[in-house]
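Okay, so here's the structure we're looking at.
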């Protein structure tokens, strides 16, 4: 009997949402093991044996453990012979998706995550000091400039990896952006990005996986 895929994650985490969405869309059987970061569950001896970096998501497949969301997606695609629109086997299309996944942390995650985390989440939930006025301005400027870069990236096909249809690359980017709606994104200044965001938002799997963070946003983070 094949070992089950265990995904240690929390759906309030952007990378975790992307991995879980990939499993759902690709019909990969998995079990979600929720890790409460605020309770320090990622710092237990048991968890550190799986992932010494103490990060989520973490994959356990039998006695094999893996961290980093993009690496997990690529591993699962190979392990379960995935060939769908989100991660096509066509080598040129897959190469474009992989290219974005390799660039994702610098391209999208850094400006979106840093502004959201250091200006809102970290001071409120992790006892970080409030950023200085100049640091807050720098983070906000990087975040706002990102949307012009996103417009540029979408120019060729309307999707972030320059593919003819939505892929897991779009889900990775969307997962970072969606929670920053608390900052009232100026979508009217970026119509191409707005159209892309609305398109990704309509996907049923994306809606399902992002329901928890949308509920939190609706209540006010």
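Values in this text are rule-based calculations from the coordinates and carry no lab data. Just so we're clear, the structure is a prediction, and the values are computed from it rather than from any experiment. Cβ placement follows ideal geometry from the backbone for every residue including glycine, while neighbour counts extend to all protein chains displayed.
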Taking a crude spin-label model, label points 7 Å out from Cα along the C-beta direction, the residue 33 to residue 141 distance in nm is 4.4
Expected max-MSF residue from 91, 28, 72 in the GNM of the chain (alpha carbon, under 10 Å) is 91
Figure the gain on full extension for residue 157 and residue 122 (residue separation times 0.36 nm, minus the Cα-Cα span) and round it to one decimal in nm.
9.0 nm
Just one of (1) 19.2; (2) 18.2; (3) 16.9 is Kirkwood radius over Cα pairs in Å calculated from these coordinates, so which is it?
(2)
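Taking the beta-carbon count within 10 Å as an exposure proxy, list 92, 140 from fewest neighbours to most. Let's see the in-between values first.
Working: 92 8, 140 15.
Result, fewest neighbours first: 92, 140.
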Extension gain (nm, one decimal) between residue 199 and residue 79, 0.36 nm per residue minus Cα-Cα:
40.3 nm
Among 174, 128, 75, which comes first, second and so on when ranked by fewest other beta-carbon atoms within 10 Å?
128, 75, 174
Express in nm, to one decimal, how much length is gained between residue 133 and residue 148 on full extension, taking 0.36 nm for each residue of separation and deducting their alpha carbon distance.
3.0 nm
Sorting 112, 119 on the 10 Å Cβ count, fewest up front, what's the list?
119, 112
Quick one: if you stick a label point 7 Å off each Cα along the C-beta vector at residue 43 and residue 12, how many nm between them?
1.6
Report P(r) for region 122-167: all Cα-Cα distances, bin width 5 Å, range 0 to the bin holding the largest distance, values in whole percent.
5, 20, 13, 14, 12, 10, 12, 10, 3
